[in-house]
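Working notes, structure below.
Readers should treat all values here as calculations from the given coordinates under stated rules, not as data from a laboratory. Note that the structure is a prediction, hence the values are computed from the model and not measured. Please note: Cβ atoms are built from the backbone with ideal geometry, for glycine as well, and neighbour counts cover all protein chains shown.
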Amino acid sequence: MAAARSDAGHRPGAEAAIAAVVVNWRQERATVECARRLLGWRLLAPAVTVVDNASGAAAVARLREALPGARVLANPTNAGFGAAVNRALATTDAEFVLLLNNDAELGEDAAGELLAFLVAHPEAAVAGPVLEAAAPPHEVIAAGGRDPGRHGRTHARAAERAAELAAGRPYRVDYVPGTAALLRRAPLAAIGGFEEAYFFSGEMADLCARAGDAGLGSYIVPAARARHDLDAAADQRAVLYAYYSLRNRFLFVRRRRAAPAAALAVWALRGCLGALAAGRRDRGRALALAVADGLRGRFGPADERVRR
């Protein structure tokens, strides 16, 4: 893990209260490993909450047994990422909340960099690290997020932020990927938290856009690095993520554009071309279904329909 400066715990704000949230859906081992790393932090000492999305009573019992230092909340249905995080946010009064995917790793020093930035910049609502691939040579896979209503590739490449990365200078972005992000809880709760209709993918872009409407910025802090294992859920990424990431662009456009017809047409065309070009039949079907649902305004959970 690429580390930030080792004096994170001694900078102003390192003593502030932090809650950490990890969402689980049928990935007990990864979730336990991720939560245990967070519980091992000694300077920031976050209160760790795991929110399980209907993995079953036995799975929840095992999580609670494996993570005695964490709080485990169980949703009776798979409510999606945004709804799971909203539930955790409603049960904490921590000033800052760290979101971390169970297939990602963020060091305590890197989290300290994010915290120090938010403490020093009250106009910022969200701070995130540069995301690197877990596998060597640990290339940068996301240097921030770009408006999903305007860009086909929403994760900024390192070359697009080369000057800021070289200087180690924090910079504003359209959104911070939810893979690893530190949130200022109160103002984000005041604007309604996460929009749950996205279910999975796009909810961070929506939240950061609404924060921007309220005068609050979203930033990447280059001194902080996190690693994301893209192979951990490769099958889900090829089909379910393909579906939700395309379909939810239609929701984002509907919510963010005064006259969305042209933008919806663009995403419909892109999706149809993507479906035709997909080398896998299941992925092609998922993309075609995403276009159909997006145009109809059919959002929320769709796992069973996509995987049928």
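What is the set of long-range amide H partners of Ala142 at a cut-off below 5 Å, with H atoms built 1.01 Å from backbone N? Distant-sequence amide H within range of Ala142: Leu131. Under a 5 Å amide H cut-off, with hydrogens placed 1.01 Å from N, Ala74 pairs with Asp52 among residues at least 5 apart or on other chains. Compared with the alpha-carbon gap, the fully stretched path from Arg254 to Glu160 is longer by 31.1 nm at 0.36 nm per residue. Placing a label point 7 Å from the Cα of Arg307 along the Cα-to-Cβ direction, the residues of segment 80-110 whose backbone N falls under 17 Å of that point are 80-81. A simple rule links phi to the HN-Hα coupling: the Karplus curve 6.51 cos²θ - 1.76 cosθ + 1.60 with θ = phi - 60°, which for segment 215-221 gives x, 10, x, 10, 9, 9, 10 Hz, with x for Gly and Pro. Output the DSSP H helices from the chain with an along-axis C-alpha extent of no less than 20 Å and a mean Kyte-Doolittle hydropathy no less than 0.0. Those that clear 20 Å and a mean of 0.0 are 261-277.
Please work out the FRET efficiency for the pair Ala58 and Arg36, using the Cβ-Cβ distance as r and a Förster radius of 22 Å; give the result to the nearest 0.05. Result of the calculation: an efficiency of 0.65. Exposed loop positions in the chain were taken to be GluC sites (Glu not before Pro) whose DSSP state is not H, G, I, E or B and which have at most 15 other beta-carbon atoms within 10 angstrom. Between these positions, the longest stretch is 140-308.
Applying the Karplus relation 6.51 cos²θ - 1.76 cosθ + 1.60 with θ = phi - 60° to segment 149-158 yields 3J(HN,Hα) values of x, 10, 10, x, 9, 8, 8, 5, 7, 4 Hz, where x marks Gly and Pro. Ranked for footprinting exposure by Cβ neighbours inside 10 Å, fewest first, Tyr243, Tyr198, Tyr171 give Tyr171, Tyr198, Tyr243. Peptides 293-299, 48-54 ranked from most to least packed, by the mean per-residue count of other Cβ atoms within 10 Å: 48-54, 293-299.
Write down the percent of antiparallel bridges among all DSSP beta bridges whose residues are both part of the chain, to the nearest 5.
The answer is about 40 percent antiparallel.
Between Val173 and Ser218, Tyr219, Ile220, the built amide H atoms are under 5 Å apart, and every one of these is 5 or more places off in sequence or on another chain. Sorting 217-225, 270-278 by average packing, meaning the other beta carbons within 10 Å per residue, from highest down gives 217-225, 270-278.
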